[in-house]
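A.B. asks: Could you have a look at this structure, given as structure tokens, before my questions?
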Amino acid sequence: MKIHLKIWRQKDAKAKGKLVDYMLDQVDHHMSFLEMMDTLNEQLILKGEMPVEFDHDCREGICGTCGMMINGQAHGPVPGLTACQLHMREFEDGATIYVEPFRATAFPVKRDLKVDRSAFDRIIQAGGFITANTGQPAEANTLLITHKTAESAFDSAACIGCGACVATCKNSSAALFTSAKISHLAKIPQGEKEAAKRVLKMVSRMDEEGFGHCSNTEACEVECPQGISVLNIARMNWEYTKANLLKD
Amino acid sequence: MELDAKIPAGPLETKWSQYKAQAKLVNPANRKKLPVIVVGTGLAGASAAASLAEQGYPVTSFCFQDSARRAHSVAAQGGVNAAKNYQNDGDSVYRMFYDTLKGGDFRAREANVYRLAECSLNLIDQAVAQGVPFAREYGGYLSNRSFGGVQVSRTFYARGQTGQQLLLGAYQALMRQVSLGKVTLYSRHEMLDLVVVEGKAKGIIARNLDSGIMERFAGEAVVIATGGFGKIYYLSTLAMGCNGSAIWRAHKRGALMACPSWTQIHPTSLPQSGDYQSKLTLMSESLRNDGRIWVPKLPDEQRTANDIPEQERDYYLERRYPSFGNLAPRDISSRAAKERIDAGFGVGAQRNAVYLDFSKAIKEQGKDKIKEKYGNLFSMYKKITADDAYAAPMKISPAAHFSMGGLWVDYELMTTIPGLFAIGEANFADHGANRLGANSLLQACVDGYFILPYTLANYLSGELKKEKITTDHPEFDRIEKEVIAQLAVLCEIKGTKTSDYFHKKLGKLLYDKCGLSRSAQGLTEAIEGIKVLRSEFYKDLIVPGTAGEINSELEKAGRVADYLEIAELMCHDALSREESCGAHFREEYQTTDGEALRDDENYCYVSAWEWKGKDNLPLLHPEHLKFEFIKLSVRSYS
């Protein structure tokens, strides 16, 4: 199949970027989207041009490294997929595809489609953990957690930290990412003790990093490759209010 | 060089506790004077860095990914083993020790393997304390499932994302130490060389991948936790960035490499569909709990799977290994698949796959139950292949997966360079010639959380009074210049072929000659082929751009340059071992029914290799394995 690509090229954070046209005429519909990008890069290199820099690693949808806007949608048109799991069979022969980086004030572009998502790490550093040192914790089965609670905590914990939620949100809010971790840890007894402190610190760090506020459009949930629910945001708001009210 | 594994004397059950009781300690006030470098932030690296920082050592931690949470431990699906015996089905530390040793075809140390099983108990407690959402029974107790090569249910899991959840636990522990200022984390930094001063590891040279700037870091010990190098086969289950460079550079500075050719080829991956393919996606082994593997009895079968009647299907694992059936260990399952595919019974468009069939399980347990157990794997399968595995069998195929081989380490996880430690998949230690499923997450965690924090102190206590080396030392200068020169060489070739071209060629060569089965003739040809490819690489490689900027192609080129050397060592390793054991299957050494023929009399050793320069053959130092507590037996799963 033939594909017309319009890809965002930008040398570094300070440079002005632009969309550049590329034509590919031998795309196999079994290829993954990133394999199509590999094919393009191979051609660019052999022509003496700089390849398109893009983030990718595991190529099976779990590491959260890849992320790009494909025709204006984070990770492309198919729900529940990361860009690395998207296949060319989803596109028509002759299609024009726009490929751009995840855009947000808190995610500066490093080059082309690569962005700096270290703000996410700093949100976790603010409190996205349980204070438990390595050593001799209590026997695991002395702490009973019902099947339902464990499954619900897992649903929140499944976030891969790709940033699609931020790139999708019109306010560039990191509420879905932050709330997923807050909910995971607040739902289970091990994390409950620090829940109040955690939510206050993580929310405040989220704001400091330059992410916008959540205005409940729920677009993040639609585009999340892991299907993280916006109910996590509701939970975060509830935890936040509770923590503020009970603060001494 | 006489290799001393430093195994403590005494009964198997007390070796580790005796070691811990006698190991030297560093007093809390002195720990902050002993900085430690940890390279890699997967389960091994993150757990080690967090644990050491908790103890009070200033830790500097590195990963090439843009976040520590993305290391490839994240992709492990099925689970983590522990001898908790929660299912009351006869499990014990001893049973787990024996299963692991037998699974590895008796090519690992008894003492190491016993310690792994012993520490498994504590790991589950640790992970639960960190908030890892393991699967639970309705009453709230932890749930288990079974994995290949064992007859008990000892695998703990978090749906099909156990690696992700364990890694996030370790990552969060690491982030906590970063926020406390105890760990300085450098993401997007790749270790490009090891600095050895007066025979001891004292630092690393790392390249900032976002700026291209070369940086120096000094420490009183260096811990390598950079995972496996199975990506050397190009098509593998590994992430694109997984590489062997850190361990290879350490090897060239004097650390021995052990059994580098022992690579696990995983039986249940998705088959290759075209030349453009960049990786093979793994389908968790846990699927073999309920899936049945078969091929048609007729070669070149044209009917679809569902149209082939029961009596015309060959459930070859159940046929050949009745007591373990579809849960035969990985090396055996992969080889059996290859045997059927090579004999012309393969299925799928390229005839390179076998069926993994859930119809019986769905009939017996219902679709909902199967969905609950494996839902994410079935949906992953659908995303990639567009096929519905609830309606027709999956098509699966073997793929390069795990490196049992790696840097040789002693019982303390120290390499042959004092002060250089290797943990997790980067070392050769516990898995012998074949790793059992759900033991990799375990080994990575146990090395990082429970072993290194003790053994490192034993070493560091001796460094306390020594003069501290800083990055101004002339060795840092010299080695940094060497690294810069190496990158310049790659950038200046300006040939006509990309790194991927060479990587794909190398991978194919290696998979054919040093993969699931090996022969003296094939390996000799491979060594020559690799040399030719390497010389072509240095004449005709093209790397766009410069070393002073973001340059993914330069990163790849450096890794492929190392692969071209590692591959040759792998072939020498496989060639020198004239027996079959575990994943190492030499065609010349097999029984009449095609099973591996081990030679305990002549090859009951770990092959540790010394680098003798690029124009010389590597030198073999055998570490003879002594079995004091168990009797070597023929590994039978039939």
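The values are calculated or read from the model by the stated rules, or taken from the named source; none is laboratory data. Computed from a predicted model, the values in this text were never measured in an experiment. Reconstructed Cβ throughout: ideal geometry from the backbone, glycine too, with neighbour counts over all protein chains shown.
A.B. asks: Applying the selection to segment A:147-174, what residues are away from chain B (no Cβ under 11 Å) and either among the hydroxyl-bearing types (Ser, Thr, Tyr) or within 26 Å of residue A:56 (Cβ to Cβ) (or both)?
C.D. replies: A:164, A:165, A:166, A:167, A:168, A:169, A:172, A:173, A:174
A.B. asks: So, one more: Given the conditions (1) under 25 Å from residue B:378 (Cα atoms); (2) buried (at least 24 other Cβ atoms within 10 Å of the Cβ), which single one is not true for residue B:272?
C.D. replies: Result: residue B:272 passes all but (2).
A.B. asks: On to the next question. Do you know which of the residues in segment A:202-234 that are assigned to a helix (DSSP H, G or I) and touching a residue at least 60 places away in the same chain (Cβ under 8 Å) is farthest from the chain's Cα centre (by Cα)?
C.D. replies: Kept after step one, since they are assigned to a helix (DSSP H, G or I), are these residues of segment A:202-234: A:202-208, A:219-223, A:231-234.
If we keep only those that are touching a residue at least 60 places away in the same chain (Cβ under 8 Å) too, we end up with A:202, A:204-206, A:222-223, A:232.
Numbers: A:202: 17, A:204: 20, A:205: 17, A:206: 15, A:222: 13, A:223: 10, A:232: 15 Å.
That would be A:204.
A.B. asks: Those residues that are within 20 Å of residue B:363 (Cα to Cα) and surrounded by fewer than 23 Cβ atoms within 10 Å (Cβ to Cβ), I need them from segment B:378-392; list them, please.
C.D. replies: Correct list: B:378, B:379, B:387, B:388, B:390, B:391, B:392.
A.B. asks: Got a number for residues in segment B:478-500 being within 12 Å of chain A (Cβ to nearest Cβ) and surrounded by 20 or more Cβ atoms within 10 Å (Cβ to Cβ)?
C.D. replies: 2
A.B. asks: Please verify whether segment B:520-542 includes one or more residues that are among the polar types (S, T, N, Q), in contact (Cβ under 8 Å) with a residue 40 or more places away in the chain and surrounded by fewer than 21 Cβ atoms within 10 Å (Cβ to Cβ).
C.D. replies: Yes, that holds for at least one residue.
A.B. asks: Check segment A:170-179 and report whether any residue there is of a type outside the set (Ser, Thr, Tyr), modelled with pLDDT of 95 or more and closer than 27 Å to residue B:49 by Cβ.
C.D. replies: Of all residues in segment A:170-179, those of a type outside the set (Ser, Thr, Tyr) come to A:170-171, A:174-177.
With modelled with pLDDT of 95 or more added as a condition, the list becomes A:170-171, A:174-177.
Going one step further and asking which of them are closer than 27 Å to residue B:49 by Cβ, we end up with A:174, A:177.
Yes, there is a match, as at least one residue in segment A:170-179 is of a type outside the set (Ser, Thr, Tyr), modelled with pLDDT of 95 or more and closer than 27 Å to residue B:49 by Cβ.
A.B. asks: Of the residues B:420, B:356, only one is hydrophobic (A, V, I, L, M, F, W, C), in contact (Cβ under 8 Å) with a residue 24 or more places away in the chain and under 30 Å from residue B:41 (Cβ atoms); which?
C.D. replies: Values: B:356 fails: under 30 Å from residue B:41 (Cβ atoms).
Exactly one residue qualifies, and that residue is B:420.
A.B. asks: Also, quick follow-up: Might you check whether a residue that is surrounded by fewer than 23 Cβ atoms within 10 Å (Cβ to Cβ), among the acidic types (Asp, Glu) and facing chain A (nearest Cβ under 9 Å) occurs anywhere in segment B:113-121?
C.D. replies: Step one: of segment B:113-121, the residues surrounded by fewer than 23 Cβ atoms within 10 Å (Cβ to Cβ) are B:118-119, B:121.
Now narrow it down to the ones that are among the acidic types (Asp, Glu): B:118.
Next, from what is left, pick out any that are facing chain A (nearest Cβ under 9 Å): none.
The answer is no, given that none of the residues of segment B:113-121 is surrounded by fewer than 23 Cβ atoms within 10 Å (Cβ to Cβ), among the acidic types (Asp, Glu) and facing chain A (nearest Cβ under 9 Å).
A.B. asks: Can you name the helices (runs of 4 or more DSSP H) wholly within segment A:139-201 that have at least 1 residues being basic (Lys, Arg)? Steps first, answer last, please.
C.D. replies: On the way: elements: A:147-157, A:164-168, A:175-187, A:189-192.
Those helices (runs of 4 or more DSSP H) span A:147-157, A:175-187.
A.B. asks: Follow-up. Is it the case that residue B:452 is over 30 Å from residue B:596 (Cα atoms) and outside any helix (DSSP H, G or I)?
C.D. replies: So residue B:452 does not fit the description; no.
A.B. asks: Filter segment A:53-103 down to the residues that are in contact with a strand residue (DSSP E or B) (Cβ under 8 Å, 6 or more places away or on another chain), under 23 Å from residue B:375 (Cβ atoms) and not in a loop (DSSP other than H, G, I, E, B), then identify the one that is farthest from the other protein chains (Cβ to nearest Cβ).
C.D. replies: It comes out as A:83.
A.B. asks: Of all residues in segment B:263-282, which are more than 10 Å from chain A (Cβ to nearest Cβ) and assigned to a loop (DSSP other than H, G, I, E, B)?
C.D. replies: If we filter segment B:263-282 for residues that are more than 10 Å from chain A (Cβ to nearest Cβ), which is where we start, we get B:263-269, B:271-272.
Within segment B:263-282, B:271, B:272 meet the criteria.
A.B. asks: Looking only at residues in segment B:591-634 that are crowded, with 18+ Cβ neighbours inside 10 Å and modelled with pLDDT under 95, which one is nearest to residue B:5 (Cα to Cα)?
C.D. replies: Only one residue tops the list, namely B:596.
A.B. asks: To continue, here is another question. Which of the residues that make up segment A:17-52 are more than 9 Å from chain B (Cβ to nearest Cβ), outside any loop (DSSP other than H, G, I, E, B) and over 13 Å from residue B:498 (Cβ atoms)?
C.D. replies: A:18, A:19, A:20, A:21, A:22, A:23, A:24, A:33, A:37, listed by residue number.
A.B. asks: Can I ask one more? Can you pull out the residues in segment A:66-101 that are surrounded by 16 or more Cβ atoms within 10 Å (Cβ to Cβ), aliphatic (A, V, I, L, M) and over 22 Å from residue A:163 (Cβ atoms)?
C.D. replies: The answer is A:88, and nothing else.
A.B. asks: Oh, and also: Among (1) farther than 30 Å from residue A:124 by Cβ; (2) out of contact with any Gly (no Cβ under 6 Å at 6 or more places or on another chain), there is one condition residue B:45 misses while meeting the rest; what is its number?
C.D. replies: (1)
A.B. asks: Next up: Here are some residues: B:583, B:567. Which one is hydrophobic (A, V, I, L, M, F, W, C), surrounded by 22 or more Cβ atoms within 10 Å (Cβ to Cβ) and within 30 Å of residue B:536 (Cα to Cα)?
C.D. replies: The match here is B:567.
A.B. asks: Another question, if that's okay. Quick one: how many residues across segment B:406-420 are more than 18 Å from residue B:573 (Cα to Cα) and assigned to a strand (DSSP E or B)?
C.D. replies: First, pick out the residues of segment B:406-420 that are more than 18 Å from residue B:573 (Cα to Cα): B:410-420.
Subset that is assigned to a strand (DSSP E or B): B:414, B:420.
Result for segment B:406-420: 2.
Residue-by-condition table, conditions (1) surrounded by 24 or more Cβ atoms within 10 Å (Cβ to Cβ); (2) at positive phi; (3) of a type in the set (A, V, I, L, M, F, W, C):
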site: B:162; (1), (2), (3): yes, no, no
site: B:166; (1), (2), (3): yes, no, yes
site: B:173; (1), (2), (3): yes, no, yes
site: B:183; (1), (2), (3): yes, no, yes
site: B:195; (1), (2), (3): yes, no, yes
site: B:200; (1), (2), (3): no, no, no
site: B:205; (1), (2), (3): no, no, yes
site: B:211; (1), (2), (3): no, no, no
site: B:227; (1), (2), (3): yes, yes, no
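A.B. asks: Has segment B:80-88 got any residue that is surrounded by fewer than 16 Cβ atoms within 10 Å (Cβ to Cβ), within 14 Å of another protein chain (Cβ to nearest Cβ) and of a type outside the set (Ser, Thr, Tyr)?
C.D. replies: Within segment B:80-88, the first condition is being surrounded by fewer than 16 Cβ atoms within 10 Å (Cβ to Cβ), and the residues that meet it are B:87-88.
If we keep only those that are within 14 Å of another protein chain (Cβ to nearest Cβ) as well, we get B:87-88.
Among the residues that remain, those that are also of a type outside the set (Ser, Thr, Tyr) are: B:87-88.
Yes, segment B:80-88 has at least one match.
A.B. asks: What about residue A:117, is it buried (at least 23 other Cβ atoms within 10 Å of the Cβ), touching a strand residue (DSSP E or B) at 6+ places or on another chain (Cβ under 6 Å) and either among the polar types (S, T, N, Q) or facing chain B (nearest Cβ under 8 Å) (or both)?
C.D. replies: So residue A:117 fits the description; yes.
A.B. asks: Quick check on this structure: which one of B:135, B:170, B:158, B:127 is more than 9 Å from chain A (Cβ to nearest Cβ) and among the aliphatic types (A, V, I, L, M)?
C.D. replies: On inspection, the qualifying residue turns out to be B:170.
A.B. asks: Scanning segment B:366-405 for residues that are in contact with a strand residue (DSSP E or B) (Cβ under 9 Å, 6 or more places away or on another chain) and part of a loop (DSSP other than H, G, I, E, B), which turns out nearest to the other protein chains (Cβ to nearest Cβ)?
C.D. replies: Looking at the filtered set, the residue picked out is B:386.
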